[in-house]
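As structure tokens, the structure follows; a few thoughts come after it.
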Amino acid sequence: MMDKTVVRELFRNKEKYVDQEVAINGWIRTNRAQKSFGFLNVNDGTFFENIQIVYAEAQLANFKDVQKYGVGAAVSAVGRLVATGKAAQPIEIQATHLELIGACPENFPIQPKRHTREFLRDVAHLRPRTNLFSAVFRVRSLVAHAIHSFFQEQHFVYVHTPIITASDGEGAGEMFNVTTPGKEAFFGQPVNLTVTGQLQGEAFAMAFHNIYTFGPTFRAEHSHTTRHAAEFWMIEPEIAFADLAANMALAEDMVKYIIDYLFKHAPEEMAFFNQWVDETHTLIERLTLVKDSQFKRLPYTEAIELLLEAVAAGKQFENNVEWGIDLATEHERYLTDDHFKAPIFVTDYPKDIKAFYMRLNDDGKTVAAMDMLVPGIGELIGGSQREERLDVLEQRMDDIGVPKDELDWYLDLRRYGGVKHAGFGLGFERMIMYVTGVENIRDVIPFPRTPNNAKF
Ligand code: 4AD
Ligand code: MG
């Protein structure tokens with residue numbers, strides 16, 4: 001018997017295999033049994049599309065058994081690959097041998113019909129076997145690869161920053177403490193799961209020039225939104241000898257690179273999202289536009305003016321608009337979804353609503369911050385130029401009560417060969433939501449962790 005191949009290879013290199021004997025392993029998505037023949041749709045996980053396997057009584061001694069193979073069962077098939085001439089299903093296998101590898105009874109929860117996302121979250125261990133989650137999680141894998149490629153091609157060094165840390169890098173106090181029950185503090189001091197790798201990333205940028213992190217991040221935020229998870233992944237590049245403008249250019253290039261990569265490497269998945277997930281079927285059109293356009297840069301103060309104009313024209317917001325507020329999701333969505341209908345950078349936020357490490361602007365009121373906001377999601381990226389001036393940074397830490405002794409090592413980065421530098425954090429899951437059109441963060445994480453939810 002010939003070696004097994006994979007369905008991706010059969011679809012991508014049809015010419016090589018048509019009229020040849022091929023062998024595959026996979027799971028049955030549907031089984032349509034007729035009197036003397038039948039069709040299995042089998043997915044082997046290597047490709048978004050199923051392969052159709054035609055089975056006939058005349059060919060198979062176990063025909064009667066095959067007719068009863070259940071949805072979800074694992075099978076092994078051998079047969080001739082045939083070109084059908086149909087665009088929707090260009091190839092099929094005419095089976096000469098079909099074998100049950102793992103049976104699947106009728107109570108298998110994933111049946112060939114539309115299940116709600118809520119139901120599928122309850123069977124998160126089985127949902128990768130649906131079309132939607134097959135597409136989402138392959139795209140998740142591809143986006144991770146695209147991000148590494150993007151940075152590696154430009155010789156950024158990938159840094160593994162610690163997951164257990166003593167610092168609250170964002171100063172927002174949303175940390176999970178790490179303890180060993182019944183023992184003295186293991187690390188001799190209180191520690192928590194990281195909320196950001198940025199501060200350690202900055203240390204490496206002062207040695208390697210350009211670095212990025214890509215790792216899990218934990219925040220005990222009690223926001224029950226569709227965009228927050230307690231455990232998520234973040235990508236944090238940090239660039240030395242660089243300012244906010246360079247930082248934004250990098251973020252913009254990265255987003256475009258990812259979109260381009262998906263168009264090239266996941267056309268089937270992207271077509272599926274466009275057709276079945278995006279309500280207006282314009283996902284591909286919108287992402288194409290994003291890829292080919294220049295993102296607007298909008299200072300916070302101008303953003304507030306735009307929002308005030310909208311209020312004056314009758315737009316109702318739940319949250320009051322005035323200079324100094326942190327933009328609420330409804331404000332961000334107004335800017336991206338209604339006004340610009342495109343991704344934008346909002347820059348130079350008031351210092352009082354941003355983290356201690358952001359560089360103070362000459363006005364003394366705002367900092368060199370940037371958030372990339374995108375339609376449908378809101379904040380995709382948050383970043384800034386960092387305060388490289390030791391005295392200004394120390395003053396700022398004193399003013400807002402960030403403990404300088406604990407972060408003395410961070411201040412060293414300003415004492416010893418400090419240079420201007422900048423960086424940002426991309427919420428990995430938000431990026432997946434943005435490129436797939438999937439609206440809930442719990443549906444782009446294999447086994448999501450959110451308040452009251454850590455099953456699996
Ligand atoms: O804006 P944030 O808090 O920025 C930082 O952590 C900086 N240290 C980044 C840096 O400059 N190096 O978080 C960055 C991004 C957000 O824009 C958002 O996309 C995502 O991380 N994010 C979350 N994603 C999912 N669930 C949560 N609870 C998130 N909190 C932030
Ligand atoms: Mg932010």
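Only one of these conditions is not met by residue 232: (1) within 18 Å of the chain's Cα centre (by Cα); (2) without any contact (Cβ under 8 Å) to a residue 40 or more places away in the chain. Which number is it? Condition (2) is where residue 232 drops out.
Residue by residue, here is whether (1) of a type outside the set (Lys, Arg); (2) in a strand (DSSP E or B); (3) within 14 Å of ligand 1 (Cβ to nearest atom) holds:
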position	(1), (2), (3)
364	yes, no, no
380	yes, yes, yes
393	yes, no, no
397	yes, no, no
404	no, no, no
412	yes, no, no
445	yes, no, yes
448	yes, no, yes
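Here is a yes/no grid of residues against (1) more than 16 Å from ligand 2 (Cβ to nearest atom); (2) of a type outside the set (Gly, Ala, Ser); (3) within 25 Å of residue 432 (Cα to Cα); (4) surrounded by fewer than 17 Cβ atoms within 10 Å (Cβ to Cβ):
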residue	(1), (2), (3), (4)
128	yes, yes, yes, yes
134	yes, no, yes, no
161	yes, yes, yes, no
166	yes, no, no, yes
185	yes, no, no, yes
188	yes, no, no, yes
206	yes, yes, no, no
212	yes, yes, yes, no
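Could you go through the range 294-301 and let me know if any residue there is under 12 Å from residue 375 (Cα atoms), over 24 Å from the mean Cα position of the chain (by Cα) and not charged (D, E, K, R). The answer is no; no qualifying residue exists.
Take the conditions more than 16 Å from ligand 1 (Cβ to nearest atom), free of Cβ contacts under 8 Å to residues at least 12 places away in the same chain and surrounded by fewer than 22 Cβ atoms within 10 Å (Cβ to Cβ) and apply them to residue 337. Does it pass? In short, no.
Just one of the numbered conditions (1) out of contact with any strand residue (DSSP E or B) (no Cβ under 7 Å at 6 or more places or on another chain); (2) within 15 Å of ligand 1 (Cβ to nearest atom) is not true of residue 192: (1). Among residues of the range 269-304 being modelled with pLDDT under 95 and aliphatic (A, V, I, L, M), the one that is nearest to residue 342 (Cα to Cα) is 290. Checked against the criterion of being basic (Lys, Arg) and closer than 17 Å to residue 199 by Cα, the range 438-449 has no qualifying residue. Screening the range 1-102 for helices (runs of 4 or more DSSP H) wholly inside it with 1 or more residues that are at pLDDT 95 or above, under 30 Å from the mean Cα position of the chain (by Cα) and not small (Gly, Ala, Ser) returns the ranges 7-12.
Of all residues in the range 422-433, which are in a helix (DSSP H, G or I) and under 19 Å from residue 212 (Cβ atoms)?
Correct list: 428, 429, 430, 431, 432.
When you look at residue 24, is it β-branched (Val, Ile, Thr), over 27 Å from residue 126 (Cβ atoms) and touching a helix residue (DSSP H, G or I) at 6+ places or on another chain (Cβ under 7 Å), yes or no? When the stated conditions are applied, residue 24 does not pass them.
Is one or more of the residues making up the range 375-391 modelled with pLDDT under 95, at negative phi and more than 16 Å from ligand 2 (Cβ to nearest atom)? Yes, that holds for at least one residue. Look at residue 419 and say whether it is at pLDDT 95 or above, assigned to a loop (DSSP other than H, G, I, E, B) and among the hydrophobic types (A, V, I, L, M, F, W, C). Against the criterion (at pLDDT 95 or above, assigned to a loop (DSSP other than H, G, I, E, B) and among the hydrophobic types (A, V, I, L, M, F, W, C)), residue 419 qualifies.
The values are calculated or read from the model by the stated rules, or taken from the named source; none is laboratory data. Please read all numbers here as calculations on a predicted model, not as lab measurements. When we count neighbours, we look across all protein chains shown, and the Cβ atoms used for this are built from the backbone with ideal geometry, even at glycine.
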